[in-house]
1. Counting only heavy atoms of the protein chains, get the accessible area per residue of region 1-92 (1.4 Å probe) and round it to a whole Å² value.
2. Let me have the relative contact order for region 1-116, percent, based on Cα pairs under 8 Å that are six or more residues apart.
3. In nm, what is the difference between 0.36 nm times the number of residues separating residue 36 and residue 123 and their Cα-Cα distance?
4. So, in nm, how far is label residue 149 from label residue 175 when the simple model puts each one 7 Å beyond its Cα toward the Cβ?
5. Per residue, how much space in cubic angstrom lies within the convex hull of the C-alpha atoms of region 153-206?
6. Take residue 27 and residue 195, extend 7 Å from each Cα along the Cα→Cβ direction, and tell me the distance between the two endpoints in nm.
7. So for region 64-103, considering every pair of alpha-carbon atoms, how many percent are separated by more than 11 Å?
8. Once the piece of chain linking residue 115 and residue 52 is laid out straight, how much longer is it, given 0.36 nm per residue of separation minus the C-alpha distance between them?
Amino acid sequence: MIITILIDNDSWIIPYANILNENIIKLGHDSKIIFKHKNIREGDLLILLGCIRMFKKLNLNKNNIVVHESDLPKGKGWSPLTWQILSGMNKIPISLFEASNSVDSGKIYLKDYIYLDGYELYDEIKKKQGEKTNEMILKYIKENPIGKNQLGNETFYNKRTPKDSELDVNKTILEQFNLLRVCSNKDYPSYFKINNKKYILKIYNE
């Protein structure tokens with residue numbers, strides 16, 4: 001098959017996409033990674049990874065797949081893994097589905113779970129997410145499952161903003177540990193404000 005992987009931003013998932021691309025090639029397919037929408041080639045499969053803009057030329061490939069960390073149609077929208085961790089969940093559903101012109105609404109091919117222990121920090125969470133994403137995509141390529149329409153009521157997560165990384169100085173660390181876990185020390189660290197001054201807080205484990 002002619003397979004293309006699209007990543008349209010400087011995403012954390014790029015190292016995992018490189019591994020995925022190598023594994024797809026080992027299966028005997030013609031695979032490459034593309035970083036711009038305009039460079040998408042015609043082929044059999046387009047894999048959309050970590051994209052922040054909707055790709056509309058879905059007719060260029062026979063199938064266009066997306067991986068989304070929720071039990072679709074519940075949890076459409078932005079940062080589903082983060083929102084679920086913040087709600088206290090450690091068993092995170094993940095769906096692989098066909099991209100469509102309507103957000104997160106295509107036929108579902110595979111469902112699975114990401115299992116967390118509740119202590120993982122950002123990089124460890126992303127490692128589990130990246131590995132499960134690759135596992136599901138490779139399974140899709142090998143098995144070519146039949147898609148099923150989404151059933152049930154849909155819900156949506158909002159896009160996260162820097163304000164969502166703000167800690168409440170009146171709450172304990174334990175109460176806000178999940179927020180500390182999902183904040184990126186590099187890209188969007190947690191912070192708090194005292195006397196109108198902003199203080200950045202980064203977290204590491206030993």
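1. On the way: 4520 Å² over 92 residues.
Spelled out: the 1.4 Å probe surface of region 1-92, per residue, equals 49 Å².
2. Numbers: 208 pairs, mean separation 25.2, N = 116.
Taking the mean separation of contacting Cα pairs over the length of region 1-116, I get 22 percent.
3. On the way: separation 87, 0.36 × 87 = 31.32 nm, distance 2.56 nm.
Stretched fully, the residue 36-residue 123 segment lengthens by 28.8 nm.
4. Rounded to a tenth, the inter-label distance reads 4.7 nm.
5. On the way: hull volume 7.2 nm³, N = 54.
So the per-residue hull volume is 133 Å³.
6. So the two model labels end up 5.9 nm from each other.
7. Details: 493 of 780 pairs.
When every Cα pair of region 64-103 is considered, 63 percent fall beyond 11 Å.
8. Numbers: separation 63, 0.36 × 63 = 22.68 nm, distance 2.50 nm.
Contour length minus the Cα-Cα distance gives 20.2 nm.
The values are calculated or read from the model by the stated rules, or taken from the named source; none is laboratory data. Keep in mind that what you see is a predicted model, and the values were worked out from it rather than measured. So basically every Cβ, Gly included, is an ideal-geometry build from the backbone, and we count neighbours across all protein chains shown. Note: areas computed on protein heavy atoms with side chains; ligands, DNA, RNA excluded. Shrake-Rupley method; radii C 1.70, N 1.55, O 1.52, S 1.80 Å.
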